[in-house]
1. Given H placed on each backbone N at 1.01 Å, which residues far from Tyr46 in sequence or on other chains put an amide H within less than 5 Å of it?
2. Order the following by accessible area, largest value first: Arg18, Arg190, Arg227, Arg169. Probe radius 1.4 Å; ligands, DNA and RNA are ignored.
3. If you count only protein heavy atoms and use a 1.4 Å probe, how large is the accessible surface of Tyr210, to the nearest 10 Å²?
4. At Arg227 and Gln71, where each label point lies 7 Å from the Cα along Cα→Cβ, what is the point-to-point distance in nanometres?
5. Specify which residue in the list Leu14, Leu36, Ala212 is farthest towards the positive end of the charge dipole of the chain, using unit charges on the beta carbon of Lys, Arg (+1) and Asp, Glu (-1), about the Cα centre.
6. As a check on your grasp of the helix formula, calculate [θ] at 222 nm for the chain: sum -39500 (n - 2.57) over DSSP H runs of n ≥ 4, divide by the residue count, round to the nearest 500.
7. Normalised by the residues of region 1-45, what does the relative contact order come to in percent, with Cα pairs under 8 Å and at least six apart?
8. List, in the order given, every pair from Lys6/Lys177; Lys6/Lys109; Lys8/Lys196; Lys24/Lys113; Lys30/Lys109 whose Cα-Cα distance in the structure shown is over 28 Å.
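The values are calculated or read from the model by the stated rules, or taken from the named source; none is laboratory data. Keep in mind the model is a prediction, meaning the values are calculated, not measured. Cβ coordinates were reconstructed from backbone atoms using ideal geometry, including for glycine residues, and neighbour counts include every protein chain displayed. In case anyone asks, the SASA skips ligands and DNA or RNA and just uses the protein heavy atoms, side chains included. Shrake-Rupley method; radii C 1.70, N 1.55, O 1.52, S 1.80 Å.
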Amino acid sequence: MKYIIKKKGEPKSLTDKRNTPDSKYDGPLKDWQEQLLDEQGYLCAYCMGRISLDRDQMGNPHIGIEHYISQDNSAKEPYLGLRLDLQWRNMLGVCNGKFGFDLHCDKAKGKSKLNVLDPLDINKSEKVVRYSLSGEILPNTTNQDLERGISEDLNCILNLNAEKLKEARMDVMDVAKNILKKKYPNGAWRITDIDKEIRDWQSRTKDGRYKAYCQAAIWYLEQLKTRSLKRNLQ
């Protein structure tokens, strides 16, 4: 999961809609989708898979809008007296959430409320998860209650350890490793070499996109860096 920084301003069409009497969320507008893509670097808010305005065979864009607090629950949890279904901070861009019959991300989440994880809070996203070499996403905390909550969010509510997602994260770790091998074929990777690759995975491309599943690659490179530091201290 990657931390998302929301822009200060929201799309004008959303402001106009919210200020219209008796208005409610009835589907996204294109400028909402465009701003979410820009904010998130074209990555799903939960699994970090690629999202875009490109359309599938049914004509639907490869981006959906997820309400962090579901639309049903938003009526029960008003924000400054307003329903959350039309609050920009409550909207996230997500993938289609399907691998065959295996649902994940918002499709698995449905109306459920997450215990801990929140892509808009770095202390509840990037800093509380880690990865395994097999591509599994795991809690990263020594607090047992927090660990249980994160584990339920990952495995039960969001289903982020679906096999296809684990494979995708494992593949991107292999990509990061192969890039290092190609650039530095002698295998003597310096800390500065690894840091350079980490910065590359942390950066957007010229068209504003992050690499899909980038946080898994960053975690892998950080592990290589830690091992290199330990060897240097021996």
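1. Those qualifying (amide H under 5 Å, at least 5 residues apart or on another chain) are Cys95.
2. In descending accessible area the options line up as Arg190, Arg227, Arg18, Arg169.
3. Surface open to solvent at Tyr210 totals about 40 Å².
4. 4.8 nm
5. Ala212
6. The helix contribution divided over the chain gives -11500 deg cm²/dmol.
7. In percent, rounded to a whole number, it is 53.
8. Violating the 28 Å Cα-Cα cut-off are Lys6/Lys177; Lys8/Lys196.
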